[in-house]
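Just below is one structure, and these are the notes that go with it.
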Amino acid sequence: MKAIEEVTGTRFKPVWIVALLALAALIAFPLLQPDDIYRQNVLFQTFLLAVGAISWNIVSGFTGYVSLGQSAFLGIGAYTVAIISIRNGLDPFLVAPLGGLAAALVALVIGLIVMRTRGHAFVIITIALLLLFQTIGLNLGSLTGGSNGLTLPLPQWNVDYQNFPFYYSMLGIMVITHLFSMWIRRTKFGTGLIAIREDEQKAGGIGIHTTRYKVSAFIASAVFMGIAGGIYAYYLTFIDPRGMFDILVSVSIVLAVLVGGRGSIWGPIVGAFIVQPLNEATNVYAKGSQSRLVFFGGALMAVVLFMPDGIVTTITRFFRDRRRRGRGVASLVQDAISTERPKLTVLRDQEADPSSALLRVEGASKAFGGLQAVDACSFEVRQGTITGLIGPNGSGKTTMFNLITGMMTPDSGEIEFRGRRIEGLHAWDRAHLGLGRTYQITRLFRQMTVLENVIAPLSEFRWRQLGADGMHGPEKDKALELLNYVGMGKFGEERAGDLSFGQQKLVELAQVLMLEPRLVLLDEPAGGINPVLIERLAGLIQDLNQQGITFLLVEHNMPLVLKLCDPVIVVARGSRLAEGHPDEIRRNPLVLDAYLGEGSDDDELEPEAAG
Amino acid sequence: MEKLIQTIILGLLIGGVYSLMASGLTLIFGVMNIINVAHGAFLVLSALVTWEIWKTTGMDPLLAGLITTPMMFVFGWVVYKLFLQRIRNSAPSMTVLLTFGLALVLEGGMGIVTRNVFRSVTPSYFSSSFHLGPFFLPKPQVYGCIAAITFMVLLYLGLTRTWTGRAIRASSQNLSSAQLIGISSTSVAALTFAVAAATTGFGGSILSVLFTFFPASHYVWISRLLGIIVLGGMGSLPGVVIGALALGIAETMTATYISLRWATVVFYVVILAVLLVRPQGILGVKLRQDVAVA
């Protein structure tokens, strides 16, 4: 018990009693009913389906990439093990880990390619890959035996053991896969995967190396499937491409996860234990493979239409809502925001030289079709300042932010941060250099808790860090300190999507601070929130600035800009119009023109038509 | 050289037929951002009905297209109203799963109702050809291609010359603007789906003469059609014609010069390559959601 708690990091919950009892029953079953071969076989198939479902859930539930090619890893494992053990006369059980290795290698290679697509394209590409593997398997007869298939050696063990070795090894793989999936969910890696599912672009912006994360998830979903495939091949003793690269196997995996609850920890295993027995029932009561097709297809449609969230998710939601009802919503009201502002200990030392340019934009341009959103714009943000960036609506401010943070690439021009050219870097590399941003409309990961949101950012990338515990230890302490700092310490366990807009802005600020940023870009921090909170935000910005963080601020609330910012940069029609102390800007005739719309080249524009 | 030209002629003829079959798929994607994975199963269903009509009455299969077209129109409308309308706001992957489920049900259903065997419709002109100098043009291919082009022209006229057609095209170009000027998105979607299904009606009748088929053939067909619309640019009607002709030629070339067994692989490779290198296809508009930020 202790061991499980250590591996998974979860507190002991009632669900574990049920799970351990069920496991004990599954271990005991063949010993108590040694003659019930049929049920043992059904259970073996169920374990196999569960391995597939748990694995698929890592890439499709956690990461949000729905694949219909999961059974390809089963086939690759099966063929690897079959070919190696036949050619070398080895025991397939010994070779089975190689099946996992082969599946992982294939996942690495195709992951690097297919993870560049998403949505429709990703689903299609996974179907195409599966069918491609099947065709290759059929056509490469010398290696795979083509449509004649391959026959493995029969098991050599004493007949008294029956199929026990198959039964227990598959049960073992299922348990390991499940613990592996639970462990992933608790790590920073797992938090990163959920972040990618919720908002991939934003995830990149807070320092998550999305490519490596997605490919790693793809590999994680392949390994155990490959090992299971090897054992499955031995169990069947005969494999052929149509059976091994079968899209119906993928469909039953998808079905099991959807029934159980996509993205949940226990959903896939619960789903497998529902779907496989039903599948057996259709085999028995409705003869023939055609009725199985109707069953699987109909079940898939029904689940998508009527129960897309699955059983486990629905049940957990029910209990969560009931718990919350007892506690009331008091904690979600505005008053609960703490106004204390504890001193921060977690920010990194900022580079001293206050006069140097931290960020330098030189002639940056970006066009959308015929619209020149940013037009040869140049400006600097000096170390230690709170620089304001103002301009009429549509003058290219947010596009400028997107160019700086890497959400878009400039058509031309240079962007330099801390003396390094960054316009070609990925968003996560820029985040690792110390560049953070918030959004005009907050983009928190809505399904995560507030605390998870703040833990998610990564100020650097190390492979080792993927396995770091995401829910405990120094990362959690750091996140809690930041949440307390912005006054949201009491909300750690709330779902981010339940917060008010203003509260989300505070959390998003804490999230950015987790990056230990040197420069923070704030996109309309005061937009859409109440005056008290604006005051509070202004205080936080000033305080953080005194602790060494530089800010670039886009804002329409002029009193706030004039109070906080020096210098203020004015942009209009995509390029810099003026720059200076707020008092100069306020009196600058060019700026007044731009804001009132009396463009000097628009002579036909009547004054009353303006602003 | 003669062999090459002959191969290209056959490729173009078959490409013309493919373009009709794929036009519905691209139309649905353009208007409602759904990939109808059951499109291949629709085709096979219509082919099967054509076979039954031909078997029982002896009616010419291309003439039977005049029956299967309205039949599939109604079928498509019902399918949309019963299933797709309920999840039109879900994630794209969910609509793919739904239509995939539908394809499986159709495959199984066809297998149960008719015996699960290979079929093909063999009218009198089945194995005869027109001769043009040293080249031959198989009559079924020629008739099928002409019928497909006629149907495509009618479809094009319908989309450009009628109010309904313009509503469909407007919705495919900018759904929210179309809604703003008073186009009801649900009825346009249902209509589009029905029209797209109607193309599989005629397409399936042509299929029944040109190919042998059985219920599970729909996997091959959906792969072909996806390859075509991915290459041409998803949602683009002119793109479909380009993609269909290009892949028709590529397929016959592979079959002639390499091996028939590898001919279908062409489509999988094209899908993979295009989605990776130029996800918007030849004529498609770049969809930001289909490309990960990597």
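The values are calculated or read from the model by the stated rules, or taken from the named source; none is laboratory data. On a predicted model such as this, the values are computed, not experimentally measured, just so you know. Virtual Cβ from ideal backbone geometry, glycine too; neighbours counted across all protein chains shown.
Which members of the range A:210-263 meet the condition of being of a type in the set (Val, Ile, Thr) and within 20 Å of residue A:41 (Cα to Cα)? Walk me through how you get there before you give the answer.
The first filter runs over the range A:210-263 and keeps only residues of a type in the set (Val, Ile, Thr), leaving A:210-211, A:215, A:219, A:223, A:227, A:231, A:237, A:239, A:247, A:249, A:251, A:253-254, A:257, A:259.
If the condition is that a residue be of a type in the set (Val, Ile, Thr) and within 20 Å of residue A:41 (Cα to Cα), then A:227, A:231, A:237, A:239, A:249, A:253 are the ones that fit.
Within the range A:406-445, the residues that satisfy the criterion of being under 15 Å from residue A:516 (Cβ atoms) and part of a loop (DSSP other than H, G, I, E, B) are A:418, A:434. Please tell me if residue A:562 is surrounded by 16 or more Cβ atoms within 10 Å (Cβ to Cβ) and under 28 Å from the mean Cα position of the chain (by Cα). For residue A:562, the condition - surrounded by 16 or more Cβ atoms within 10 Å (Cβ to Cβ) and under 28 Å from the mean Cα position of the chain (by Cα) - is not met. Restricting the range A:446-462 to residues that are out of contact with any Ser or Thr (no Cβ under 9 Å at 6 or more places or on another chain) and part of a loop (DSSP other than H, G, I, E, B), the residue that is surrounded by the fewest Cβ atoms within 10 Å (Cβ to Cβ) is A:462. Restricting attention to the range B:176-213, the residues that are more than 22 Å from the chain's Cα centre (by Cα), in contact (Cβ under 8 Å) with a residue 12 or more places away in the chain, part of a helix (DSSP H, G or I) and crowded, with 18+ Cβ neighbours inside 10 Å add up to 0. Here residue A:184 passes the criteria (1) under 18 Å from the mean Cα position of the chain (by Cα); (2) within 21 Å of residue A:249 (Cα to Cα); (3) β-branched (Val, Ile, Thr); (4) more than 14 Å from chain B (Cβ to nearest Cβ) except the one numbered (2). What are the pairs, 6+ residues apart or on separate chains, where a residue within the range B:27-51 that is at pLDDT 95 or above has its Cβ under 7 Å from a residue that is crowded, with 24+ Cβ neighbours inside 10 Å and acidic (Asp, Glu)? Hits for this filter: B:41/B:107.
Whenever a residue of the range A:546-572 is on the phi < 0 side of the Ramachandran plot and of a type in the set (Lys, Arg), its partners that are surrounded by fewer than 23 Cβ atoms within 10 Å (Cβ to Cβ) and assigned to a helix (DSSP H, G or I), lying with C-beta atoms within less than 8 angstrom and at least six residues away or across chains, give the pairs A:563/A:538.
Restricting attention to the range A:55-90 and to residues that are part of a loop (DSSP other than H, G, I, E, B) and over 18 Å from residue A:104 (Cβ atoms), the residue that is nearest to the chain's Cα centre (by Cα) turns out to be A:64. Considering the conditions (1) farther than 22 Å from residue B:34 by Cβ; (2) within 8 Å of chain A (Cβ to nearest Cβ), residue B:105 is excluded by exactly one of them, (1). If you go through the range B:72-98 and pick out every residue that is over 30 Å from residue B:55 (Cα atoms), more than 9 Å from chain A (Cβ to nearest Cβ) and outside any loop (DSSP other than H, G, I, E, B), you end up with 5.
Residues in the range B:147-173 that are among the β-branched types (Val, Ile, Thr) and part of a helix (DSSP H, G or I): B:149, B:150, B:153, B:160, B:164, B:168. Looking across the range B:108-117 at every residue that is more than 7 Å from chain A (Cβ to nearest Cβ) and either among the hydroxyl-bearing types (Ser, Thr, Tyr) or within 13 Å of residue B:45 (Cα to Cα) (or both), the one that is surrounded by the fewest Cβ atoms within 10 Å (Cβ to Cβ) is identified as B:113.
Residues are listed down the side, and each one gets a yes or a no for (1) of a type in the set (A, V, I, L, M); (2) out of contact with any strand residue (DSSP E or B) (no Cβ under 8 Å at 6 or more places or on another chain); (3) buried (at least 19 other Cβ atoms within 10 Å of the Cβ):
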position: A:493; (1), (2), (3): no, no, no
position: A:499; (1), (2), (3): yes, yes, yes
position: A:503; (1), (2), (3): no, yes, yes
position: A:508; (1), (2), (3): no, yes, yes
position: A:518; (1), (2), (3): no, no, yes
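When you look at residue B:45, is it buried (at least 21 other Cβ atoms within 10 Å of the Cβ) and either in contact with a Gly (Cβ under 9 Å, 6 or more places away or on another chain) or over 30 Å from residue B:131 (Cα atoms) (or both), yes or no? Against the criterion (buried (at least 21 other Cβ atoms within 10 Å of the Cβ) and either in contact with a Gly (Cβ under 9 Å, 6 or more places away or on another chain) or over 30 Å from residue B:131 (Cα atoms) (or both)), residue B:45 qualifies.
Restricted to the range A:188-212, and to residues that are of a type in the set (S, T, N, Q) and facing chain B (nearest Cβ under 10 Å), which residue is surrounded by the most Cβ atoms within 10 Å (Cβ to Cβ)? Full working, then the answer.
At the first step, the residues of the range A:188-212 found to be of a type in the set (S, T, N, Q) are A:191, A:201, A:210-211.
After this cut, where a residue has to be facing chain B (nearest Cβ under 10 Å) as well, the list is A:201, A:210-211.
Details: A:201: 17, A:210: 24, A:211: 18.
Per the stated criteria, the residue is A:210.
Take the conditions (1) of a type outside the set (Asp, Glu); (2) in contact with a Pro (Cβ under 6 Å, 6 or more places away or on another chain); (3) facing chain A (nearest Cβ under 9 Å); residue B:209 misses just one of them, which is (3). Here residue B:201 fulfils each of the conditions (1) away from chain A (no Cβ under 14 Å); (2) farther than 23 Å from residue B:122 by Cβ apart from (2).
For the structure I just gave you, tell me whether residue B:64 is touching a residue at least 12 places away in the same chain (Cβ under 8 Å), away from every other protein chain (no Cβ under 13 Å) and out of contact with any strand residue (DSSP E or B) (no Cβ under 7 Å at 6 or more places or on another chain).
Values: touching a residue at least 12 places away in the same chain (Cβ under 8 Å): yes; away from every other protein chain (no Cβ under 13 Å): yes; out of contact with any strand residue (DSSP E or B) (no Cβ under 7 Å at 6 or more places or on another chain): yes.
Answer is yes for this residue.
Can you tell me which of (1) more than 14 Å from chain B (Cβ to nearest Cβ); (2) at pLDDT below 85 is the one residue A:292 doesn't meet? (1) is the only condition that residue A:292 fails. For residue B:244, the test of being part of a helix (DSSP H, G or I) and either away from chain A (no Cβ under 14 Å) or of a type outside the set (A, V, I, L, M) (or both) is passed. Sub-6 Å Cβ pairs linking a first residue in the range A:108-126 that is more than 7 Å from chain B (Cβ to nearest Cβ) to a second residue that is crowded, with 22+ Cβ neighbours inside 10 Å and of a type in the set (Ser, Thr, Tyr), at least 6 apart or interchain, are A:122/A:65; A:126/A:67, ordered by first then second residue.
Condition check for residue A:305 on (1) modelled with pLDDT of 85 or more; (2) within 12 Å of another protein chain (Cβ to nearest Cβ); (3) under 20 Å from residue A:45 (Cβ atoms): one failure, at (3).
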